[in-house]
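Asker: This is the structure I have questions about; it appears just below.
The values are calculated or read from the model by the stated rules, or taken from the named source; none is laboratory data. If you're wondering where the values come from, they're calculated on a predicted model, not measured in any experiment. As a convention, Cβ positions derive from the backbone with ideal geometry for all residues, glycine included, and neighbour counts pool all protein chains shown. For the accessible areas, the whole protein counts, side chains as well, though only heavy atoms, and no ligand, DNA or RNA atoms are used. Shrake-Rupley method; radii C 1.70, N 1.55, O 1.52, S 1.80 Å.
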Amino acid sequence: MTLAAARIDTGDTAWLLAATALVLLMTPGLALFYGGMVRAKSVLNMLMMSFVSIALVTVVWLTAGYSLVFGQDAFGGLIGGLRHAGMAGIGPDSVQGTVPTLLFATFQLTFAIITAALISGAVADRAKFGAWLVFVPVWALLVYVPVAHWVWGPGGWIREGLGALDFAGGMPVEITSGASGLALCLVLGPRLGFKKDAMRPHNLPMVMLGAGLLWFGWFGFNAGSALGANGLAAAAFLNTLTAGCTGLLGWLLVEQRRDGHPTTLGAASGAVAGLVAITPSCGSVSLLGALAVGLAAGVVCSYAVSWKFKFDYDDSLDVVGVHLVGGVIGTLLIGVFAVHGMTGGVEGLLYGGGLGQLGRQLVGVLAVGSYAFAATYGIGRLLDRLIGLRADEEHEQNGLDLTVHAESAYDHGVLGHGAPVSSSLPTAQKVKHQA
């Protein structure tokens with residue numbers, strides 16, 4: 001056994017293996033969550049946008065992404081080097097802390113995957129699938145990779161220069177995906193019938209199932225970021241559960257007070273909002289802080305999702321209202337609720353730490369949000385000019401499932417007295433019915 005291999009802790013490794021599988025499961029969970037929220041005519045397209053992100057981001061990550069994020073800093077805290085491009089120099093005995101480096105790299109890969117997939121919710125029902133295949137790897141390399149290095153990489157300027165805290169991805173995952181989603185939906189423009197036609201979720205049980213899988217996977221996302229089977233992982237685990245609960249309750253409270261009806265969509269969205277907000281802060285706040293972070297996210301995000309109607313941007317599945325706003329809330333509240341017992345030093349405003357940490361968190365939020373929005377807007381405009389990002393109007397009208405994938409999510413069988421759909425409807429009506 002080599003000296004490096006002897007440093008591997010089997011307990012930490014076993015937990016991180018499980019956490020990696022949990023986080024990977026979040027992307028199929030997200031696919032179901034998003035798939036249930038769209039109309040029936042484009043549900044398969046929505047599922048495909050998440051699933052194909054797994055393959056595309058994996059190739060980018062193993063080719064260059066991991067090295068650029070976690071390689072030795074190569075340019076003033078902005079980006080890592082290419083020493084480990086293609087995972088060069090990293091073998092089974094390579095160690096990161098107390099776990100194999102290959103496992104650490106795979107765990108971090110699952111974060112990159114779901115971040116890209118999250119953006120698809122902002123452009124649901126109207127993005128070209130072929131253009132999405134180009135956008136995802138370009139975006140992952142030019143947007144996610146630099147931000148992840150700033151926040152987590154050795155020498156990253158937010159991590160080591162600024163001193164802002166982010167335990168599990170408020171800035172690289174939530175704020176980056178939310179700001180990027182806003183930029184891309186502005187490039188694409190609104191769906192046909194936006195603010196005119198009813199665009200209700202077609203399958204709320206699917207939404208609830210997806211939310212449940214996301215919540216399940218989020219324990220790996222947050223507690224796994226401790227990179228060990230230890231007390232910090234346990235605290236992050238409990239904080240994650242707590243914030244998801246108060247986020248759910250906060251959203252339902254607003255719905256009941258405002259609309260008179262607590263909804264299943266609201267429960268699912270509130271839980272996700274709480275989980276989003278606790279992501280950056282789960283390793284920095286106490287249980288009391290987790291309660292407050294989740295509740296704040298549930299309440300504020302329940303109002304934020306309606307901003308798209310006021311400001312006229314069509315964020316189809318509320319990526320901006322939940323992930324951007326929730327990520328900002330959770331990242332900033334570290335500066336309020338951080339406790340020494342969790343951070344090992346930093347304390348928030350509520351515990352006598354002053355405004356310093358809150359200011360550092362704000363700088364990180366503004367820098368990441370601004371960069372992600374500007375870079376994604378530029379990428380979107382360029383790709384729109386070169387290959388076109390928006391689906392054809394006819395395809396959008398008839399549904400992307402049939403027109404792009406030649407499939408339908410639901411086989412309605414027969415109509416009337418046993419007459420097959422194909423024989424009982426004219427051709428134009430067949431497409432409309434099946435969509």
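Asker: Restricting the search to the stretch 168-207, which residues are among the aliphatic types (A, V, I, L, M), within 30 Å of Ser284 (Cβ to Cβ) and not in a loop (DSSP other than H, G, I, E, B)?
Answerer: Going residue by residue through the stretch 168-207, those that are among the aliphatic types (A, V, I, L, M) are 168, 171, 173, 175, 179, 182-184, 186-188, 192, 198-199, 204, 206-207.
Of the ones still in play, those that are also within 30 Å of Ser284 (Cβ to Cβ) are 168, 171, 173, 175, 179, 182-183.
The answer is Met171, Val173, Ile175, Ala179, Leu182, Ala183.
Asker: Another one. Kindly evaluate Leu165 against the criterion of being surrounded by 21 or more Cβ atoms within 10 Å (Cβ to Cβ) and closer than 12 Å to Leu275 by Cα. Don't jump to the end; show me each part of the working.
Answerer: Numbers: surrounded by 21 or more Cβ atoms within 10 Å (Cβ to Cβ): yes; closer than 12 Å to Leu275 by Cα: no.
No; evaluated as a whole, the condition is false for this residue.
Asker: From (1) within 21 Å of Ala116 (Cβ to Cβ); (2) modelled with pLDDT under 95; (3) not charged (D, E, K, R), pick out the condition that doesn't hold for Leu402.
Answerer: Here Leu402 meets the rest and fails (1).
Asker: Checking Ala290 against (1) outside any loop (DSSP other than H, G, I, E, B); (2) within 26 Å of Asn45 (Cα to Cα); (3) not aromatic (Phe, Trp, Tyr), only one condition comes out false. Which one?
Answerer: Unmet for Ala290, out of (1) outside any loop (DSSP other than H, G, I, E, B); (2) within 26 Å of Asn45 (Cα to Cα); (3) not aromatic (Phe, Trp, Tyr): (2).
Asker: What are the residues in the stretch 335-351 that are in a helix (DSSP H, G or I) and in contact with an Asp or Glu (Cβ under 8 Å, 6 or more places away or on another chain), if any? Reasoning before the result, please.
Answerer: First, the residues of the stretch 335-351 that are in a helix (DSSP H, G or I): 335-337, 340-343, 349-351.
Scanning the stretch 335-351 gives a single hit, His340.
Asker: In the stretch 175-196, what residues are more than 24 Å from Ala409 (Cβ to Cβ), buried (at least 21 other Cβ atoms within 10 Å of the Cβ) and among the small types (Gly, Ala, Ser)?
Answerer: Within the stretch 175-196, Ser177, Gly178, Ala179, Ser180, Ala183 meet the criteria.
Asker: Quick test for you: out of Ala164, Ala183, Ala223, Ala168, pick the one residue that is farther than 23 Å from Gly348 by Cβ and out of contact with any His (no Cβ under 6 Å at 6 or more places or on another chain).
Answerer: Criteria check complete, one pass: Ala183.
Asker: Going through the stretch 1-60 one residue at a time, which ones are among the polar types (S, T, N, Q) and either in contact with a strand residue (DSSP E or B) (Cβ under 9 Å, 6 or more places away or on another chain) or closer than 22 Å to Ala211 by Cα (or both)? Break it down stepwise before answering.
Answerer: Just the residues of the stretch 1-60 that are among the polar types (S, T, N, Q), to begin with: 2, 10, 13, 20, 27, 42, 45, 50, 53, 58.
Result: Thr13, Thr20, Thr27, Ser42, Asn45, Ser50, Ser53.
Asker: Out of everything in the stretch 197-244 that is among the aromatic types (Phe, Trp, Tyr) and surrounded by 24 or more Cβ atoms within 10 Å (Cβ to Cβ), what residue ends up being nearest to Leu295 (Cα to Cα)? Steps first, please.
Answerer: Going through the stretch 197-244, the residues among the aromatic types (Phe, Trp, Tyr) turn out to be 215-216, 218-219, 221, 237.
Narrowing further to those that are surrounded by 24 or more Cβ atoms within 10 Å (Cβ to Cβ): 218, 221.
Values: Trp218: 17, Phe221: 20 Å.
Checking each candidate, the answer is Trp218.
Asker: Look at Gly71 and say whether it is of a type outside the set (A, V, I, L, M, F, W, C), in contact (Cβ under 8 Å) with a residue 40 or more places away in the chain and surrounded by fewer than 23 Cβ atoms within 10 Å (Cβ to Cβ).
Answerer: Here the answer is yes, as Gly71 does meet what is asked.
Asker: Answer with yes or no whether Leu102 is open to solvent by 20 Å² or more (accessible area, probe 1.4 Å) and either touching a residue at least 24 places away in the same chain (Cβ under 8 Å) or in contact with a Phe, Trp or Tyr (Cβ under 8 Å, 6 or more places away or on another chain) (or both). Explain how you work it out, then say what you get.
Answerer: Details: open to solvent by 20 Å² or more (accessible area, probe 1.4 Å): yes; either touching a residue at least 24 places away in the same chain (Cβ under 8 Å) or in contact with a Phe, Trp or Tyr (Cβ under 8 Å, 6 or more places away or on another chain) (or both): no.
Answer is no for this residue.
Asker: Could you list, in sequence order, all residues of the stretch 301-329 that are assigned to a helix (DSSP H, G or I) and within 14 Å of the chain's Cα centre (by Cα)?
Answerer: Initially, the stretch 301-329 is screened for residues assigned to a helix (DSSP H, G or I), giving 301-304, 307-311, 319-329.
Residues satisfying the conditions are Val319, Val320, Gly321, Val322, His323, Leu324, Val325, Gly326, Gly327, Val328.
Asker: Still on this structure, please answer the following. Quick one: how many residues across the stretch 340-355 are of a type outside the set (Phe, Trp, Tyr), surrounded by fewer than 18 Cβ atoms within 10 Å (Cβ to Cβ) and in contact (Cβ under 8 Å) with a residue 12 or more places away in the chain?
Answerer: Going residue by residue through the stretch 340-355, those that are of a type outside the set (Phe, Trp, Tyr) are 340-350, 352-355.
Applying the additional criterion that residues be surrounded by fewer than 18 Cβ atoms within 10 Å (Cβ to Cβ) yields 340-341, 344-345, 349-350, 352, 354-355.
Cutting the leftovers down to in contact (Cβ under 8 Å) with a residue 12 or more places away in the chain gives us 341, 349-350, 355.
Number of matching residues: 4.
Asker: Is at least one residue of the stretch 406-416 assigned to a helix (DSSP H, G or I) and either crowded, with 22+ Cβ neighbours inside 10 Å or in contact (Cβ under 8 Å) with a residue 24 or more places away in the chain (or both)? Spell out the reasoning first.
Answerer: Looking only at the stretch 406-416, we keep the residues that are assigned to a helix (DSSP H, G or I), and these are none.
No, the conditions are met nowhere in the stretch 406-416.
Asker: Would you confirm whether or not the stretch 339-351 contains a residue that is touching a strand residue (DSSP E or B) at 6+ places or on another chain (Cβ under 7 Å), modelled with pLDDT under 90 and either hydrophobic (A, V, I, L, M, F, W, C) or farther than 20 Å from Phe135 by Cα (or both)?
Answerer: Within the stretch 339-351, not a single residue is touching a strand residue (DSSP E or B) at 6+ places or on another chain (Cβ under 7 Å), modelled with pLDDT under 90 and either hydrophobic (A, V, I, L, M, F, W, C) or farther than 20 Å from Phe135 by Cα (or both).
Asker: Do we find that Val43 is open to solvent by 10 Å² or more (accessible area, probe 1.4 Å), assigned to a helix (DSSP H, G or I) and β-branched (Val, Ile, Thr) in this structure? Even if it seems obvious, please write down each step before you answer.
Answerer: Numbers: open to solvent by 10 Å² or more (accessible area, probe 1.4 Å): no; assigned to a helix (DSSP H, G or I): yes; β-branched (Val, Ile, Thr): yes.
Criteria not met by Val43.
Asker: Now a separate question. Which residues, counting only those in the stretch 376-391, are without any contact (Cβ under 8 Å) to a residue 12 or more places away in the chain and either open to solvent by 80 Å² or more (accessible area, probe 1.4 Å) or aromatic (Phe, Trp, Tyr) (or both)? Steps first, please.
Answerer: So in the stretch 376-391, the residues without any contact (Cβ under 8 Å) to a residue 12 or more places away in the chain come out as 378, 382, 385-386.
Correct list: Leu382, Arg385, Leu386.
Asker: Sticking with this structure for a sec: Between residues in the stretch 190-207 that are touching a residue at least 60 places away in the same chain (Cβ under 8 Å) and residues that are of a type in the set (Val, Ile, Thr) and in a loop (DSSP other than H, G, I, E, B), which pairs lie under 8 Å by C-beta distance while being six or more apart or on different chains?
Answerer: Qualifying pairs under 8 Å: Pro201/Val38; His202/Val38.
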